[in-house]
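Student: One structure, as structure tokens, below. Some questions next.
The values are calculated or read from the model by the stated rules, or taken from the named source; none is laboratory data. Everything quoted here is computed from the prediction, not taken from an experiment. Cβ placement follows ideal geometry from the backbone for every residue including glycine, while neighbour counts extend to all protein chains displayed.
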Amino acid sequence: MNDILFYLVKKLLMIIPVLLGITIAAFILGIISPSDPAAVLLNMDGVSTPSAQEIANKRHEMGLDRPLIVQYLSWLLQILHGDLGISYITQRPIWDELMLRLPVTISLASCTLLLVIVTAIPLGVFMAYKNNSRSDFVLRTAALIFTSVPAFWLAILFMWIFSEELHLLPTSGYGTLAHLIMPSVALGAGTIGILMRLQRAALLEVLEQHFILTAKAKGMPFPMIIWKHGLLNSLIPVITLLGNYFGAIISGSAVIESIFSLPGLGSYVLEAIRGRDYPAIQGYVIFTGLVFVLFNLLVDISYLLLNPKIRLGGK
Amino acid sequence: MDNNIYLQDVTISFTTKAGTVHAVNHVDLNVNSGEITGMIGETGSGKSVLGMSVLRLLAANSLISGSIIYKNSDLLQLAEKELNQIRGKVISFIPQNPDAAFDPTMKIGKQIIEGFLYHDKKSKAAGISHGIGQLQNYSFHEPQKTFNSYPFQLSGGMRQRALCAMGTVLSPKWIIADEPTKGLDAIIRQQVSQVFLELKKTANSSILLITHDLRLAQKICDTVIVLYAGTVLEQGPAGKLFDEPLHPYTCGLIDAQPHRKLLPLSGMPPSLINLPAGCKFHLRCSCRKDICCLKEPALLEVNGQWVRCWKYA
Amino acid sequence: MRNYYLYKTALRLLITLSIMVSLAGCSGNTEQPNDPDQEIVLAAARDLTPGDKDPYYTSSILQVWEPLVGIGEDGRPAPKLAKAWEHSPDYTEWIFELAEGIKFHDGTPFNAAAVVKNFERYRNITPRVSPFYLFDINKIYPNLKKVEEREGNKVKLTFSQPFSTLIYSMTNFGSPMFSPYCFDSRTGDFTAVASGTGPFKIIAHVTKQYTLLERNDEYYGVRAKAKRIRIKNIPNAETRYSALKAGEIMGVLDIGSLTPALTSELVKDNRFAVAIGKSTITHYLFCNGEKAPFNDPRMIRAVSLMINREILVKNFFHGYAIPTGNFLNGASPFSKEIKPRRNVEEAKELANAVLKGQKVNITFLLPQYGIDRYPYKEITEFIQAELKELGLNASIVIMDWAAVQDARATGNYDIIIGTQGLPNFEPAIVFKNYMKRTGSANMQYRLGYSNDEAEQLLDQLDATLEIADRAKIYDRLQDISAESPPCIPLFADMNLAVHSQKIQNYEPLLYGITLDKIEWVKR
Amino acid sequence: MCNIKQLPVIYKIAACILMLMVSSAIFAPIIAPYDPNQVLPDETLQSCSGAHLLGTDALGRDVFSRILYGARVSISFAVAAALCTMILGVTLGMISGYFGGIIDTIIQLLVNIFQGLPGMSMMIAIAGVMGPSTISLLFAVTLTSWAGFSRIVRGEVLKIREENYIEGVRSLGASDFYILVHYILPNIFNSLIILFTVRIGTIVLSIASLSFLGLGMQPPEADWGAMINDAKIYFRSYPNLLLAPGLCILALCASINLIGDALRDLFSIEQDRNKQYL
């Protein structure tokens, strides 16, 4: 029991520098921007042209004339209090804006991840089971195509075929499961392809292990062996990379959200980029980073549950 | 009808990227029931492959011809489903390398009784009590605890014993044990050999013991088969074979043992991709004749032993 | 047989998936309704209801709130909630007579007290940004001193300086009226859903998703036809197109509702129609007159002569724009028709005279909004090819609007393509902005425009109060702008109201559509 | 190690497609029938014909020529970006693995941070903040993907560093730099080549997405992603505008992925899943 606690504490301690690093990255984003945030803020309505003195005053007011490290630390302190600043465009707290959109992205991402898992893993298992047969070849080709197809291209084709021509699925919006089907498939296609290949490779590797031979010698049918011994063992490497897929999904969601008009974090950041809403872009980086890190923590925990060797502290 | 296993002209090859590997070549054997038959040879002699082929446990890239007859049916021709009724239940196989032979994510006990539950369709509780009993038989001090342990929590010796327990859980007629003493220290080796003798005595099981441990073979086997490059070079009763080895290879093997002359065999086993013509052993043989390089000798009976050498032709 | 387990699993999966798809199919489809009160779904590119922090809460085109002064059909200010007004001879005191018997959606009567409360709010929110118009009381009501209630449902505004064009300034977004109970006049933030006096009221709003309107049955004027209208927010133009095609939405509204290319693509399908209306927007090329080569007015003329506006309109606007040579937008009652001239030979001669046969590299800025709303990408690439023939190697840089402002501030550009709309039909502001030496647009775009006659006419305009006299000045200014243009007019935009044939009376207005008139086509 | 002749035929097809694309990218100026940016106002939106193999776009530009030049832009940028990524990743990975200690700790922390950020999100943010240009794209891609390289390189270096012969070489007085370049680099070369190949495929896809969002290549550059973006309006009547660049991206990425697999087979590198997809 102590081992598990130790493991968890270790993992938790390890994410602290990563979280700090994410805030640094977000902070640097603000620095590398070619234009002066003070000027951008003063010029938000697009009509007034602020004078140098006005900009200097604003810079002082915003604390931009302090040393970078001081700026960073005070900014970090704000973030720790849940204050990500005020959006230049809407004048509302970025935190509120992001929280408004977070559920959309989270539901899209989890829907996609679920889709990826329930399609790619069985298909990968099937491919390994039928290794080198015709169906394996067909599925491998499909997986290759999935990995190589640009998601936005797929999204456009889907919308054309399923919404405009067949009237099967809604083009855009958020609310019901039906709204998430096309975005999830388009968003998940690449990951499905990768995961199919990975699951197949992992299972094939496991099937070459001695213990599969042992199980065969017991006289159990092959599908039962895959189910009882192959699947769980092949899932361990697959699950350790689950975080990566989630990262890919969260990343890709910007394009997909903008095509399907989903009011999530991705479309928010695109909007913010257009409007040069730097605090919003920084907030987005911090939020996605946070979501990603937390998800990876979950993966670590599930890995713990799956792998008795770690759970029981053997080595 | 007897319970012997008859191997008739069994040839096994593997297709690999480097070429076709001829692992076993035209083996004809009768493995008698009711006794312990040892199969010895160097690494790569095809002994494990031959053992696994009985239950068709070889990898997908293997090609088997010939027939393996048990109780009037050819095991090589059986449908998978029928074969599964034999695997583990009638003929069980104890794989080598106990470190890798257990599923690392499943508890030992569950793995041990898995076959039992599948074949005998017993309740889980019955399975568990049977499994714990089985572990007790194999002299585990805390069978309950071992039953609920994961493989990595056991020592190498314990794992080997657990593997034997798993192989014998259904009290099979036949046990094919692949290198059961590999990598074990003397005391545990002793324990394991004791186990096999007991199995033969109490359960009346027949055992095919695949090993390169000649002392073990000498100690517990009734019959010994010497395999080289996938071919049977010599076969005979254990005592006789070890006392008066006929084939130069057998002599060499015996002399190479530490407690004997510690005289290693010169040369390397032949490549299984390009097998030498004639006698498989002629390249390393000290009493090579011209004919050895040209023609392979037949297996001949000499004084109740069978030997494949031109010396005795 | 050994495949049994996996086949079964695969089959189950397939069945589940197909059930999911077919379930989705049922919910996605909308059939022609028989019920005239069925909700009508429309879509806009942006969330038209920015909410409680916004000075207007929701766009005027949703017809939730009404201003004191509206815009009439002729484009001139027209009475709305204020039914009449008069002013003192020196234009410092204005008295507005309010319409009687009007109630806000929350039941509060609309009266002078409510107007005063609203002005109190105006003062407290100044300045407040908005996706529509920045609200700054000092710009809309400069030098406003006092707002008082008067006997007989009247309101009096007192200015410390004369302000003759107040009425123009007050139109639409200049004087929105809300129930005093839906906002906190101290912070100016809305504390509840905005309740105005318009034909529709907001009954639900989800940020970035939709605004749901319901007919105000107690409306004092002509009641709206539709019982419920849902305005969805679909930011992507192609997605709006797809949604129309899929029958999810019945029409699009707001700026950039559907690009001309998509419109012409859509109306190939006879289930859809487009109603065309005048727009106050003109597309221009703004040239940096502070540095070579555009510091020479001949170069500007050369570019204007070179551009094939007919082809641009035909190929990229699909006919939904009017080539123009007039600086002043045609929607203005003072505008006259000035046909654009194209003469490649003359253009090349002019360019040659300036460049002396040399090639010059120039920067051509393309603001992002132009790509989202108009076919600017194609147009700039087309113009880029034409400029090459004049010896100008233009490199196109796509920028968001903020970056364009930066570039303007640093003078780091040669040409910007963009739009200018008419704030109202009194074109004095536009002329001043562009043609006066100190005009704001002249300065911002670094047009470097300087014309003595224009300068003089514009000064004269301030003292001219009679409409007929002003018209003469405007006429002359248009001629001047054609001879020596401050910027190059390309074409006048059109308002496109694209809709499904399932609804009718979907007509464009100068700002918005006839939301209160649309209804299902009866079967 | 198996040789090239024994590889499955699909790998050969992939190699052919890749060769075809690379050579058409290199020889685009010779092959292309038109200037990719030449605007033909009278020949807009034509279907496939003899004069225009893949038709023309809304500006009357020849789609086939633009595809060829698009290959040039996409491939050259992807290769350049992958090179930058590799150089940064390998340098940091080697330093971190070879010297260990505090340097290693710091670099590993950086790796953890960069792997803790979703790549594409960062790319969008960087390209968005810095404004779209080739430099900012290069910066965005390099910054977001070096960590994967360096992690693998470090692992390999740690493995090799313990080998006896490295000790021997060092005792002969070889400098650290010499050892890194002459002994360690050649040892990790094979895995680097594979990683590099696969990375090019990923970058092609990311760049296409960014271009699609308007944050990538700038007009009139004929980038495939931008071509898809341009086609959004017209593709219903002229599907060639959407299909041509989309299928090109698909074919390029698929063949790069296959080549990656083939190299892995060729070098008989143990399929390490962590390596493959980071």
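Student: Residue by residue through region C:408-429, note down the ones that are within 14 Å of another protein chain (Cβ to nearest Cβ), of a type in the set (A, V, I, L, M, F, W, C) and surrounded by 19 or more Cβ atoms within 10 Å (Cβ to Cβ).
Tutor: From region C:408-429, those within 14 Å of another protein chain (Cβ to nearest Cβ) are C:408-413, C:416-421, C:423, C:429; that's our starting set.
Within this subset, residues satisfying the condition of being of a type in the set (A, V, I, L, M, F, W, C) are C:409, C:416-417, C:429.
Matches in region C:408-429: C:Ile416, C:Ile417.
Student: Any idea how many residues of region C:109-135 are within 14 Å of another protein chain (Cβ to nearest Cβ) and either under 16 Å from C:Ser60 (Cβ atoms) or surrounded by 18 or more Cβ atoms within 10 Å (Cβ to Cβ) (or both)?
Tutor: 9
Residue-wise test of (1) of a type in the set (Lys, Arg); (2) in a loop (DSSP other than H, G, I, E, B).
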| position | (1), (2) |
| --- | --- |
| B:Gln218 | no, no |
| B:Glu234 | no, no |
| B:Lys240 | yes, no |
| B:Leu246 | no, yes |
| B:Leu262 | no, yes |
| B:Gly267 | no, yes |
| B:Ser271 | no, yes |
| B:Pro276 | no, yes |
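Student: Of everything in region D:30-88, what is touching a Leu at 6+ places or on another chain (Cβ under 6 Å) and free of Cβ contacts under 8 Å to residues at least 24 places away in the same chain? Give them in sequence order.
Tutor: Result: D:Val39, D:Gly60.
Student: Return the only residue of B:Ile68, B:Ile94 being touching a helix residue (DSSP H, G or I) at 6+ places or on another chain (Cβ under 7 Å) and closer than 21 Å to B:Met158 by Cβ.
Tutor: Numbers: B:Ile68 fails: closer than 21 Å to B:Met158 by Cβ.
Going through B:Ile68, B:Ile94 in turn, the sole match is B:Ile94.
Student: Examine region C:216-226 for a residue that is part of a strand (DSSP E or B), touching a Phe, Trp or Tyr at 6+ places or on another chain (Cβ under 9 Å) and modelled with pLDDT of 90 or more, and state whether such a residue exists. Steps first, answer last, please.
Tutor: Taking region C:216-226 first, the residues part of a strand (DSSP E or B) are none.
No, every residue in region C:216-226 fails to be part of a strand (DSSP E or B), touching a Phe, Trp or Tyr at 6+ places or on another chain (Cβ under 9 Å) and modelled with pLDDT of 90 or more.
Student: Please pick out the residue among D:Asp223, D:Asp230 that is over 19 Å from the mean Cα position of the chain (by Cα), within 14 Å of chain C (Cβ to nearest Cβ), closer than 20 Å to D:Ile67 by Cβ and among the acidic types (Asp, Glu).
Tutor: Answer to the check: D:Asp230.
Student: Across region C:446-472, which residue is surrounded by the most Cβ atoms within 10 Å (Cβ to Cβ) among those that are under 20 Å from C:Gly421 (Cα atoms) and touching a helix residue (DSSP H, G or I) at 6+ places or on another chain (Cβ under 6 Å)?
Tutor: C:Tyr449
Student: Next question. What single numbered condition from (1) surrounded by fewer than 22 Cβ atoms within 10 Å (Cβ to Cβ); (2) under 27 Å from C:Ser395 (Cβ atoms) fails to hold for D:Leu172?
Tutor: With (1) surrounded by fewer than 22 Cβ atoms within 10 Å (Cβ to Cβ); (2) under 27 Å from C:Ser395 (Cβ atoms) applied to D:Leu172, the lone miss is (2).
Student: Restricting to region B:222-237, name every residue that is within 28 Å of B:Leu283 (Cβ to Cβ), in contact with a helix residue (DSSP H, G or I) (Cβ under 7 Å, 6 or more places away or on another chain) and not hydroxyl-bearing (Ser, Thr, Tyr).
Tutor: Result: B:Val224, B:Val226, B:Leu227, B:Leu233, B:Glu234.
Student: Out of everything in region A:72-102 that is over 17 Å from A:Gly264 (Cα atoms) and without any contact (Cβ under 8 Å) to a residue 12 or more places away in the chain, what residue ends up being nearest to the other protein chains (Cβ to nearest Cβ)?
Tutor: Applying the filter and picking the extreme gives A:Gln91.
Student: Being among the aliphatic types (A, V, I, L, M), in contact (Cβ under 8 Å) with a residue 12 or more places away in the chain and more than 8 Å from every other protein chain (Cβ to nearest Cβ) is the filter here, so list the residues in region D:233-250 that pass it.
Tutor: As a first pass, look at region D:233-250 and keep what is among the aliphatic types (A, V, I, L, M): D:233, D:241-244, D:247, D:249-250.
Checking which are in contact (Cβ under 8 Å) with a residue 12 or more places away in the chain leaves us with D:233, D:241-242, D:244, D:249.
Passing the criteria: D:Leu241, D:Ala244.
Student: Could you say which residue among A:Tyr284, A:Tyr245 is crowded, with 22+ Cβ neighbours inside 10 Å, within 8 Å of another protein chain (Cβ to nearest Cβ) and aromatic (Phe, Trp, Tyr)? Spell out how you get there, then give the answer.
Tutor: Working: A:Tyr245 fails: within 8 Å of another protein chain (Cβ to nearest Cβ).
Of the residues listed, the single one that is crowded, with 22+ Cβ neighbours inside 10 Å, within 8 Å of another protein chain (Cβ to nearest Cβ) and aromatic (Phe, Trp, Tyr) is A:Tyr284.
Student: Of the numbered conditions (1) at pLDDT 90 or above; (2) surrounded by fewer than 20 Cβ atoms within 10 Å (Cβ to Cβ); (3) of a type in the set (Ser, Thr, Tyr), C:Ser264 fails exactly one; give the number of that condition.
Tutor: (1) is the only condition that C:Ser264 fails.
Student: Restricting to region B:75-105, name every residue that is under 15 Å from the mean Cα position of the chain (by Cα), part of a loop (DSSP other than H, G, I, E, B) and more than 7 Å from chain A (Cβ to nearest Cβ).
Tutor: Result: B:Gln96, single match.
Student: Taking helices (runs of 4 or more DSSP H) that do not extend beyond region B:111-180, which have at least 1 residues that are more than 22 Å from the chain's Cα centre (by Cα) and not polar (S, T, N, Q)?
Tutor: Working: elements: B:124-137, B:143-147, B:156-167.
Correct list: B:124-137, B:143-147.
Student: Additional query: Of all residues being modelled with pLDDT of 75 or more and exposed (fewer than 12 other Cβ atoms within 10 Å of the Cβ) in region D:1-19, which is nearest to the other protein chains (Cβ to nearest Cβ)? Just the residue, please.
Tutor: Top of the filtered list is D:Val9.
Student: Out of the residues in region B:161-184 that are more than 13 Å from chain A (Cβ to nearest Cβ) and closer than 21 Å to B:Met39 by Cα, state the one that is modelled with the highest pLDDT.
Tutor: B:Lys173
Here is a yes/no grid of residues against (1) surrounded by 23 or more Cβ atoms within 10 Å (Cβ to Cβ); (2) touching a Gly at 6+ places or on another chain (Cβ under 8 Å); (3) modelled with pLDDT under 85; (4) of a type in the set (D, E, K, R):
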{"position": "D:Tyr178", "(1), (2), (3), (4)": "no, no, yes, no"}
{"position": "D:Ile188", "(1), (2), (3), (4)": "no, no, yes, no"}
{"position": "D:Gly216", "(1), (2), (3), (4)": "yes, yes, yes, no"}
{"position": "D:Trp224", "(1), (2), (3), (4)": "yes, yes, no, no"}
{"position": "D:Leu242", "(1), (2), (3), (4)": "no, no, no, no"}
{"position": "D:Gly260", "(1), (2), (3), (4)": "no, yes, no, no"}
{"position": "D:Asp272", "(1), (2), (3), (4)": "no, no, yes, yes"}
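Student: Could I ask something else about it? Residues of region C:376-394 being of a type outside the set (Asp, Glu) and facing another protein chain (nearest Cβ under 8 Å), which ones?
Tutor: First, the residues of region C:376-394 that are of a type outside the set (Asp, Glu): C:376-377, C:379-380, C:382-385, C:387-388, C:390-394.
Once the filter is applied, which keeps residues that are of a type outside the set (Asp, Glu) and facing another protein chain (nearest Cβ under 8 Å), region C:376-394 yields C:Lys377, C:Thr380, C:Phe382, C:Gln384, C:Ala385.
Student: Could you grab me the full set of residues in region C:355-375 that are away from chain A (no Cβ under 14 Å) and closer than 22 Å to C:Arg309 by Cβ? Walk me through how you get there before you give the answer.
Tutor: Just the residues of region C:355-375 that are away from chain A (no Cβ under 14 Å), to begin with: C:355-365, C:374-375.
Answer for region C:355-375, where residues must be away from chain A (no Cβ under 14 Å) and closer than 22 Å to C:Arg309 by Cβ: C:Ile362, C:Phe364, C:Leu365, C:Tyr374, C:Pro375.
Student: Just to be sure I understand, how many residues within region C:55-106 are of a type in the set (Gly, Ala, Ser), surrounded by fewer than 18 Cβ atoms within 10 Å (Cβ to Cβ) and at pLDDT 90 or above?
Tutor: Number of matching residues: 1.
Student: Assuming A:Asn132 fulfils every condition listed in (1) under 25 Å from D:Asp261 (Cα atoms); (2) in a helix (DSSP H, G or I) apart from one, which condition is it?
Tutor: Every condition holds for A:Asn132 apart from (2).
Student: Just to be sure before I move on: is A:Lys228 assigned to a helix (DSSP H, G or I), touching a strand residue (DSSP E or B) at 6+ places or on another chain (Cβ under 9 Å), within 14 Å of chain B (Cβ to nearest Cβ) and among the charged types (D, E, K, R) in the structure I sent? I'd like the intermediate steps shown before the answer.
Tutor: On the way: assigned to a helix (DSSP H, G or I): yes; touching a strand residue (DSSP E or B) at 6+ places or on another chain (Cβ under 9 Å): no; within 14 Å of chain B (Cβ to nearest Cβ): yes; among the charged types (D, E, K, R): yes.
Spelling it out, it is not the case that A:Lys228 is assigned to a helix (DSSP H, G or I), touching a strand residue (DSSP E or B) at 6+ places or on another chain (Cβ under 9 Å), within 14 Å of chain B (Cβ to nearest Cβ) and among the charged types (D, E, K, R).
Student: Do we find a residue being crowded, with 20+ Cβ neighbours inside 10 Å, more than 14 Å from chain B (Cβ to nearest Cβ) and under 30 Å from B:Asp103 (Cβ atoms) anywhere in region A:171-183? Even if it seems obvious, please write down each step before you answer.
Tutor: Step one: filter region A:171-183 for residues crowded, with 20+ Cβ neighbours inside 10 Å, giving A:171-174, A:179-183.
This time we only want the ones that are more than 14 Å from chain B (Cβ to nearest Cβ), so: A:171-174, A:179-183.
Within this subset, residues satisfying the condition of being under 30 Å from B:Asp103 (Cβ atoms) are none.
No, every residue in region A:171-183 fails to be crowded, with 20+ Cβ neighbours inside 10 Å, more than 14 Å from chain B (Cβ to nearest Cβ) and under 30 Å from B:Asp103 (Cβ atoms).
Student: Could you list, in sequence order, all residues of region B:89-137 that are small (Gly, Ala, Ser) and touching an Asp or Glu at 6+ places or on another chain (Cβ under 9 Å)? Lay out the reasoning, then the answer.
Tutor: Here is the first cut: in region B:89-137, the ones small (Gly, Ala, Ser) are B:92, B:100-101, B:109, B:115, B:123, B:125-127, B:129, B:131, B:133.
Correct list: B:Ala126, B:Gly127.
Student: Restricting the search to region B:1-43, which residues are of a type in the set (Ser, Thr, Tyr) and assigned to a loop (DSSP other than H, G, I, E, B)?
Tutor: Within region B:1-43, the subset of a type in the set (Ser, Thr, Tyr) is B:6, B:11, B:13, B:15-16, B:20, B:33, B:37, B:43.
Scanning region B:1-43 gives B:Ser33, B:Thr43.
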